[in-house]
1. Report those strands (runs of 3 or more DSSP E) wholly inside region 16-82 carrying at least 1 residues which are within 20 Å of the chain's Cα centre (by Cα) and more than 17 Å from Phe104 (Cβ to Cβ).
2. Would you say Gly131 is modelled with pLDDT of 85 or more, surrounded by 10 or more Cβ atoms within 10 Å (Cβ to Cβ) and of a type outside the set (D, E, K, R)?
3. Pairs only if they're at least six apart or on different chains, beta carbon under 6 angstrom, first in region 22-51 and in the same structural domain as Leu74 (by TED's automatic domain parsing) and over 17 Å from Val102 (Cβ atoms), second crowded, with 21+ Cβ neighbours inside 10 Å and of a type outside the set (Lys, Arg); list them, first residue then second.
4. Within region 38-67, which residues are among the polar types (S, T, N, Q) and surrounded by fewer than 19 Cβ atoms within 10 Å (Cβ to Cβ)?
5. Where the second residue is part of a loop (DSSP other than H, G, I, E, B) and of a type in the set (S, T, N, Q) and the first is in the same structural domain as Leu65 (by TED's automatic domain parsing) and lies in region 77-89, which pairs have Cβ atoms under 9 Å and are six or more apart or on separate chains?
Amino acid sequence: MVGGLPSVAGATHEADHRFTVEGFVCGTDGAASANVDVLVKDTRISYGQIVKTDGDGYYKATFHLHNDNLGDPLLIEAREEQQQQKIWFDPKDLEAERKIQVNFGTGCIHDRERAPQWVYLGLGAVAVAVGGFVGAKMLRSRRKREQKRGQSQGKRRT
């Protein structure tokens, strides 16, 4: 609770009433900062909430806002560092997720929509293994055909 107002961290409203502020908090070395309090506050209406970062330094605060909140000033604060933003979205678009990303620190900016890098590396390793297996099968099949051809040609000569 910030400013005496209740938190709506679990806001599950329709996309046209939901506004999300998300991002990452990292140290100067780029390492994720876990369990850090992040304050996200709409300063025009004095409403805000405090959320904690997860193990990847990621945080997410969701608000129930309306079109008349467009342009409201936002204060986002983590580890005594402050950033000022504004609430921006297309009021005519009632489908798209209304959100902004605000990051603190350096080197840990990620795209939460994208799969982690290990997924791509794992898929690449699987593709190489499958390709190697299929290639080995093809070679073995070709050798067997060549051996059969050689045997059948040997029988014809005698």
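1. Qualifying strands (runs of 3 or more DSSP E): 18-24, 58-64.
2. No, not satisfied.
3. Taking only residues 6 or more apart or on different chains, the pairs are Ala34/Thr53.
4. Within region 38-67, Thr43, Ser46, Asn67 meet the criteria.
5. Filtered contacts from region 77-89: Ala78/Ser33; Ala78/Thr53; Arg79/Ser33; Gln83/Asn103; Gln84/Thr43.
The values are calculated or read from the model by the stated rules, or taken from the named source; none is laboratory data. Computed from a predicted model, the values in this text were never measured in an experiment. Ideal geometry is used to build each Cβ from the backbone, glycine not excepted, and the neighbour counts take in all protein chains shown.
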